[in-house]
1. So, in region 227-267, exactly how many residues are in contact with a Leu (Cβ under 8 Å, 6 or more places away or on another chain), of a type outside the set (A, V, I, L, M, F, W, C) and under 30 Å from Glu289 (Cβ atoms)?
2. Go over the candidates Val169, Val189 one by one and state the one that is under 20 Å from Phe245 (Cβ atoms) and touching a Lys or Arg at 6+ places or on another chain (Cβ under 7 Å).
3. Can you tell me which residues in region 191-225 are surrounded by fewer than 16 Cβ atoms within 10 Å (Cβ to Cβ), in a loop (DSSP other than H, G, I, E, B) and touching a residue at least 12 places away in the same chain (Cβ under 8 Å)?
4. Of everything in region 290-302 that's part of a loop (DSSP other than H, G, I, E, B) and touching an Asp or Glu at 6+ places or on another chain (Cβ under 7 Å), which residue is farthest from the ligand (Cβ to nearest atom)?
5. Tell me which residues, restricted to region 231-289, are basic (Lys, Arg), within 16 Å of the ligand (Cβ to nearest atom) and part of a loop (DSSP other than H, G, I, E, B).
6. Whether any residue in region 303-313 is within 19 Å of Gly235 (Cα to Cα), hydrophobic (A, V, I, L, M, F, W, C) and within 16 Å of the ligand (Cβ to nearest atom) is what I want to check.
7. Give the residue, chosen from Val169, Val117, that is touching a strand residue (DSSP E or B) at 6+ places or on another chain (Cβ under 8 Å), closer than 20 Å to Asp284 by Cα and of a type in the set (A, V, I, L, M).
8. So, in region 36-60, how many residues would count as being within 16 Å of Phe21 (Cα to Cα) and touching a Ser or Thr at 6+ places or on another chain (Cβ under 9 Å)?
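The values are calculated or read from the model by the stated rules, or taken from the named source; none is laboratory data. A quick note: this is a predicted structure, and the numbers were derived from the prediction, not measured. When we count neighbours, we look across all protein chains shown, and the Cβ atoms used for this are built from the backbone with ideal geometry, even at glycine.
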Amino acid sequence: NQYTADINAFITTQADELEAFRIKYLGTKGLIKDLFEDFKTVSPEEKRVFGKVLNEFKQLAEAKYNELKESLGTETGSTKSEADLTLPGEGFELGSRHPLSLIRNEIIDIFKRLGFVVAEGPEIEDDWHNFSALNFPEEHPARDMQDTFFIKKNSGKDDIALRTHTSSVQVRMMEAGKPPFRAIMPGRVYRNEAISARAHCFFHQVEGLYIDENVSFSDLKQTLYHFVQELYGDGTQVRFRPSYFPFTEPSAEMDISCTICKGAGCNMCKHTGWVEILGCGMVDPNVLENCGIDSKKFTGFAFGMGIERIANLKYVIRDLRLFSENDVRFLNQFQTEI
Ligand code: PHE
């Protein structure tokens, strides 16, 4: 009876006190174990009475122990919450495609429908594929047009660099095969520029190449005109301005009517109504000959665009750095079905 009163009066908020309680009453050398040992020695008549009392006492001690353990558990928030099956589950975050991948895939789809295949090449290039084969003469200032990250630089023709454009893939393709060629080259390119809202030390390009007999400048214009209608919608205007690239002659830059203000004049088009989206031209005969193609028989056009720029104009993104910071608040906005 004394023990029963003790148990009923026992209150604790401490785990170690509760453990002392368990050892005292319920432990392998505890009081209840002792009483059960004594129980073996009593007479059969006494056993009936004692047995009942003893079992009740044991149940009381166990019940008290469990009750106190539970209240301690909830207070510290440990054991109980782990097993709470009624808590809501943790939701799965669904990823989304990167905006640059979305645009790249869209560009690839449009050109695929025109019969262009996708070609790829290395990001670390030698001087020949990035410059010399493309008609950049050694020490020619045209090489300064593209601020290059050199990996190895000494004589010029042994130089190794991070490719500054995917035109290098065009060279590899022409060297490896026979015309006709109709391909686009998506990929990452590098230029040694200070990082700002408007420039980055790397960006992404899609270049294109079409070589066959009798390919003319009007084929170039119509192909790019069609591309722009598909990407930005019917009625988007284009205009060509004369330009210069060592690997094309004649060369041009293509503008489209501003897709953001619809020509009314906004910051994106600097109030001109036109935005530049790509460079293009007829492949220079020197380039064809450098790659082992008969320039008397074959002609072709090439073009190149920056994916970031295309994405800026499609999604009205004003800071290039957003594309490489991987901030989910930015990336989350490009949920698509695929
Ligand atoms: N390679 C050029 C660049 O990176 C783009 C271009 C490609 C221009 C093909 C004309 C023809 O700026």
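1. 2
2. None of the others qualify; the one that does is Val189.
3. Matches in region 191-225: Asn192, Glu193, Ile195, Ser196, Ala197, Arg198, Ala199, Cys201, Glu213, Asn214, Ser216.
4. Top of the filtered list is Lys297.
5. The answer is none; no residue qualifies.
6. Yes, there is a match, as at least one residue in region 303-313 is within 19 Å of Gly235 (Cα to Cα), hydrophobic (A, V, I, L, M, F, W, C) and within 16 Å of the ligand (Cβ to nearest atom).
7. Val169
8. 2
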